[in-house]
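Some notes on the structure that comes next.
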Amino acid sequence: DRVLSSPGLGPAKSATPAPTSPPPPGDPACNVLVEAPSVIPSNHLPEGTPIGYTSNPPSSGPHYPRWANFQEYATPVPDGYLVHALEHGAVLLVYKCDALDGGDCAEVVAALRGVRDAVATDPSCDPSIRVRVILAPMPGLDVPVAAAAWGFTYKAACLDVPSLTQFVQEHYAKGPEDFCAPGITDFMY
C-alpha cells in the first residue's frame, strides 16, 4: 500500500514507495489517513459471489456486472456493487454508527450529505442522479468515517469536512470507466 498522508499518526511504513502529499486540511484529532492501495484486477463475478478486498473500504477489484445507483442508502450495500460504481468514477462516503461517540449517526449523515451536496452537478449524469456520490452505512469499517474512490481510500476517527471535501474533489470521476449511467437499487444479498 502507498500511504499518501497520515497526519497525527507519524510517518507510515510502506512496501511500495510513493510520493507523499501535504496533510489534508482539518482537525488533526480525526487522524485522517489517505492511502492508495494497489489496484487489483476488476473482472466481473456473478452477483452474490463472496468477494474479498485488500482495502477497507474497498477501492478496486472484482465486482458484480451491475453497479449501485449513485444515491444515499439507509442500509448497507454489498461491496461488489459499490466497487463497480467506483470503477465508473463514483466516490463512496461511508460510516459506521456504533464506532461514533454515542452511536448517533444523525449529525454525521447530515454532514456527509453536505459534502455530497457541495459537489458540482456532473453534466454527464442524468438530472435524477446529479453526481456520482454514494452515501451508505458500512458496518464492516474499522473507523467511524471513510471514503473510497477508484484506487484510493480515506479513513478518519471523526468527521472532518475539509479533508473529506478535498478527497472528493481530487478523486471524483477518475475511475477507469468514466461515465454516469443509472445503477440498480435491488441488490442480491
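Coordinate-derived values only; no laboratory data. What you see is a predicted model; the values in this text were computed from it and never measured. Using ideal geometry, Cβ is built from the backbone for each residue, glycine included, and neighbour counts are taken over all protein chains shown.
When the Cα atoms of region 102-182 are aligned to their principal axes, the ranges along those axes come out at 39, 25, 23 Å in descending order.
All C-alpha pair distances within region 30-79, sorted into 10 Å bins from zero, spread as 20, 47, 29, 4 percent across the bins. Give the shape of region 40-126 as rounded, prolate or oblate, defined through the alpha-carbon gyration tensor: a ≥ b ≥ c are the square roots of its eigenvalues, a/c under 1.5 means rounded, and otherwise the shape is prolate if a/b is larger than b/c and oblate if not. Cα axes put region 40-126 in the oblate bin. Placing dummy labels 7 Å off each Cα toward the beta-carbon, the span from Cys105 to Ala120 is 3.1 nm. Semi-axes of the equivalent ellipsoid for region 145-187, computed as √(5λ) from the eigenvalues of its C-alpha gyration tensor and ordered from largest down, come to 22, 14, 9 Å. Between Ala74 and Asp142, the modelled labels are 3.2 nm apart [label points 7 Å from Cα along Cα→Cβ]. For region 39-189, the Cα gyration tensor yields ellipsoid semi-axes of 21, 18, 14 Å (square root of five times each eigenvalue, largest first, whole Å).
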